[in-house]
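The values are calculated or read from the model by the stated rules, or taken from the named source; none is laboratory data. If you're wondering where the values come from, they're calculated on a predicted model, not measured in any experiment. Because the Cβ atoms are built from the backbone with ideal geometry, glycine has one as well, and the counts that use them run over all protein chains shown.
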Amino acid sequence: MKRRIFLAAGAASLLLASLPARAAVTAADAQKFIENLGDDAISSLTGSGLSESVREQRFQGLLESHFDLPGISKFVLARYWKVATDAQKADFQRLFEKLLVQSYAKTFAEYAGQRFQVTDGKPNDDGTITVNSHIDQANGDVIHLDWRIEDQGGQLRIIDLEVEGVSLRITHRSDIASAIQSEGGQVSSLLDALRQKTGSQ
Amino acid sequence: MPSTPVKLSRLRAAGAFVGAILLSGLLGGCATPPKDPDELAVYKENNDPMEPLNRYFFDLNYGFDELVFKPLAAWYNLLLPTPVEHGVHNVLTNMDAPLVLVNDLLEGNDKRAGVTAKRFLINSTVGVAGIFDVASKWGYKYHDTDFGITFATWGVGEGPYVFLPVLGPSNPRDLTGLGVTAVADPWSYLFGAYDVQYLSYVRAGLYAVDMRARNLDTLDQIRKGAIDYYATIRSLYRQHRNDMIKHAVADDPLAELPYESASGPQLTESN
């Protein structure tokens, strides 16, 4: 009985001790994080004089400093992550990142003064934070962007981005799963397809 | 021949619907479910038993799009001044409002129905027959819904994924919704009554070109970023529909929020 009380007290104190750490990163911090990312992206990736390679390089920099790329790669490769060798995992991460850079960097080339606004931030049950934002397009469309952010050892990292309810990592996971399946379930074949797609060695 | 377009559009929708059911019945065994449990889990998640046939239509549509719709949309973008394109889009969107309102009500979404009704009244009058989206500037933001979404809010499941020629990605639930839309559309009756049925075709044609023109860059980008374009579109369609359902279930009051004052980074023209 005593032992149980002792355990309960221990658990309670542990819980209390962990509370301030959890509260250290607030939804407001996460909102600020995304606002800064928006500012950085617009100031460094847009502009008519920018060459494609410089834009891609800078985009990759922002991608690596703000997104949880290892976590997203693991999610995207899903069940094949377990069967992949360490070398294959590393290859996949590198090629997948390249695919992201090549697919998304050029969106900023067409930027023409649209306003990016962060509107809200709320903690989720699993400890992550969702930050809502939107872009007002010149044609009147409003594009909603919801960012899922995780505190990873004191550093904020984006683990998913939903554009109008379409999740970045789920979309890529569906793509990769079908690609592997049509290649006979071989991770190595997927890597070949990715190499071809991204024009890498 | 009076009211042909009405009959035609009804017939077309009914034909597509019956065709899809027939196909799903006849060709349901097109893809054999895999035996490996992991593969089977993916197979079930994809929920695409007619995948080989769907992929065939997908390729067919892709070729057709490259040949016809994409160039047409590109020319449309090139030739028409942007304000005119916006005007066309706004008119088409405004014409959809009565059926959006019906669906808002069928979904039991009073708030969204209110927004849709106000939007239609404002844009049809102050917005000059819908050319200008004045309502958005007054804080009544646009949202979309349809009979497929309404069925979903009533608890109807989507059923297996289908990809149809011309119509594109769908499922039995959304396809039924499309059939109901074709029959319930007030404009085809109105055009028929005033003996200007050709306007139904003009509207359908403009609708297709407008939609394609607005998605030129997006679809191109998706295709370039995808290893399996078909699977990516399948995932995008599902996620997009589920997002619409989520908003419909919530009677999302978002559309009624006042236009936000500039609190985000103020951006300047870059070129």
Counted residues, the range A:111-136 - those being within 13 Å of another protein chain (Cβ to nearest Cβ), in a loop (DSSP other than H, G, I, E, B) and of a type in the set (Gly, Ala, Ser): 2
Selection count, the range A:28-79, where residues are more than 10 Å from every other protein chain (Cβ to nearest Cβ), surrounded by 18 or more Cβ atoms within 10 Å (Cβ to Cβ) and of a type in the set (S, T, N, Q): 2
Top-ranked residue in the range A:92-105 [being more than 10 Å from every other protein chain (Cβ to nearest Cβ) and closer than 15 Å to A:Ala179 by Cβ; ranked as surrounded by the most Cβ atoms within 10 Å (Cβ to Cβ)]: A:Phe92
Condition met for A:Phe108 (more than 8 Å from chain B (Cβ to nearest Cβ), aromatic (Phe, Trp, Tyr) and farther than 22 Å from A:Ile170 by Cβ): yes
Residues that are surrounded by fewer than 18 Cβ atoms within 10 Å (Cβ to Cβ) and either in a helix (DSSP H, G or I) or within 11 Å of chain A (Cβ to nearest Cβ) (or both), drawn from the range B:189-208: B:Tyr189, B:Leu190, B:Ala193, B:Tyr198, B:Leu199, B:Tyr201, B:Val202, B:Ala204, B:Gly205, B:Leu206, B:Tyr207, B:Ala208
Filtered residue count, the range A:147-201, keeping only those that are within 21 Å of B:Ile245 (Cα to Cα) and either modelled with pLDDT of 90 or more or in a helix (DSSP H, G or I) (or both): 13
Yes/no for B:Asp217 being at pLDDT below 90, in contact with a helix residue (DSSP H, G or I) (Cβ under 8 Å, 6 or more places away or on another chain) and facing chain A (nearest Cβ under 9 Å): yes
Residue match in the range B:50-66 (condition: touching a Gly at 6+ places or on another chain (Cβ under 9 Å) and either of a type in the set (D, E, K, R) or part of a loop (DSSP other than H, G, I, E, B) (or both)): yes
Residue match in the range B:43-55 (condition: over 25 Å from B:Arg223 (Cα atoms), in contact (Cβ under 8 Å) with a residue 12 or more places away in the chain and hydrophobic (A, V, I, L, M, F, W, C)): no
